[in-house]
Amino acid sequence: MFIIPTQFPAVTIITISVFPNLMKCPKCGFDNPEGTLFCEECDWRTDQIYKPEKKRNPLAFAGVACLLGILSLATCLTVSGAAGAGLGAIGMVLGGYSVNLPRYIAGSNKALCMSLAGLGIALSVIGFLFGLVELVG
Ligand SMILES: [Zn+2]
């Protein structure tokens, strides 16, 4: 269906057109009717070039978040509360990011990623708060 604007906006004509030509979706290759703005198959904008996303490994992100959480706690205990809180903050952000990542990437081990990311967040939060307390106290 196409909305064709006329010189009178109030009399914009809505027409249903059948186009014989097809537009290949740049992302999934689905043959859409010409003039389709969003692919009927995958909702990709057909006028936009598709660049495949870089393969990210959610498990690595979750693992790093965990590591940052542990590092944050260790830093609080050994170096300083401020450094520990900083590491904890980074760990929380990274953990929050990696907890959502498996949803967008097919074939990733969702349960493992999410629990590892959750652990990373928890450790980072503890490290962050511990650092803050040490900083204040
Ligand atoms: Zn498509």
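The values are calculated or read from the model by the stated rules, or taken from the named source; none is laboratory data. Because the structure is a prediction, the values reported are computed rather than measured. Every residue, glycine among them, receives a Cβ derived from its backbone with ideal geometry; neighbour counts consider all protein chains shown.
Go through the range 21-42 residue by residue and tally those that are near the ligand (Cβ under 9 Å from one of its atoms) and surrounded by 12 or more Cβ atoms within 10 Å (Cβ to Cβ).
As a first pass, look at the range 21-42 and keep what is near the ligand (Cβ under 9 Å from one of its atoms): 24-30, 32, 38-42.
Restricting the remaining residues to those that are surrounded by 12 or more Cβ atoms within 10 Å (Cβ to Cβ) gives 24-28, 30, 32, 38-42.
The total comes to 12.
Is it true that Leu116 is under 30 Å from Cys42 (Cβ atoms), surrounded by 20 or more Cβ atoms within 10 Å (Cβ to Cβ), touching a Gly at 6+ places or on another chain (Cβ under 7 Å) and in contact (Cβ under 8 Å) with a residue 24 or more places away in the chain? Full working, then the answer.
On the way: under 30 Å from Cys42 (Cβ atoms): yes; surrounded by 20 or more Cβ atoms within 10 Å (Cβ to Cβ): yes; touching a Gly at 6+ places or on another chain (Cβ under 7 Å): yes; in contact (Cβ under 8 Å) with a residue 24 or more places away in the chain: yes.
Considered against the rule, which asks whether it is under 30 Å from Cys42 (Cβ atoms), surrounded by 20 or more Cβ atoms within 10 Å (Cβ to Cβ), touching a Gly at 6+ places or on another chain (Cβ under 7 Å) and in contact (Cβ under 8 Å) with a residue 24 or more places away in the chain, Leu116 comes out as yes.
Return yes or no: is Lys51 within 16 Å of the ligand (Cβ to nearest atom) and either at pLDDT below 90 or more than 30 Å from Cys28 (Cβ to Cβ) (or both)? Give the steps one after another, and end with the answer.
Numbers: within 16 Å of the ligand (Cβ to nearest atom): yes; either at pLDDT below 90 or more than 30 Å from Cys28 (Cβ to Cβ) (or both): yes.
Spelling it out, Lys51 is indeed within 16 Å of the ligand (Cβ to nearest atom) and either at pLDDT below 90 or more than 30 Å from Cys28 (Cβ to Cβ) (or both).
Considering each of Leu73, Leu67 in turn, give the residue that is out of contact with any helix residue (DSSP H, G or I) (no Cβ under 6 Å at 6 or more places or on another chain), away from the ligand (no atom under 14 Å from the Cβ) and closer than 15 Å to Leu87 by Cα.
Within the list Leu73, Leu67, the selection yields Leu67.
Report, by residue number, each residue of the range 93-114 that is among the polar types (S, T, N, Q) and not in a helix (DSSP H, G or I). If you could, list the steps in order and put the result at the bottom.
Kept after step one, since they are among the polar types (S, T, N, Q), are these residues of the range 93-114: 98, 100, 108-109.
Within the range 93-114, Ser108, Asn109 qualify.
Let me confirm something: among Ala83, Ala74, Ala122, Ala111, which residue is within 28 Å of the chain's Cα centre (by Cα) and exposed (fewer than 14 other Cβ atoms within 10 Å of the Cβ)? Show your work before the answer.
Numbers: Ala83 fails: exposed (fewer than 14 other Cβ atoms within 10 Å of the Cβ); Ala74 fails: within 28 Å of the chain's Cα centre (by Cα); Ala122 fails: exposed (fewer than 14 other Cβ atoms within 10 Å of the Cβ).
Going through Ala83, Ala74, Ala122, Ala111 in turn, the sole match is Ala111.
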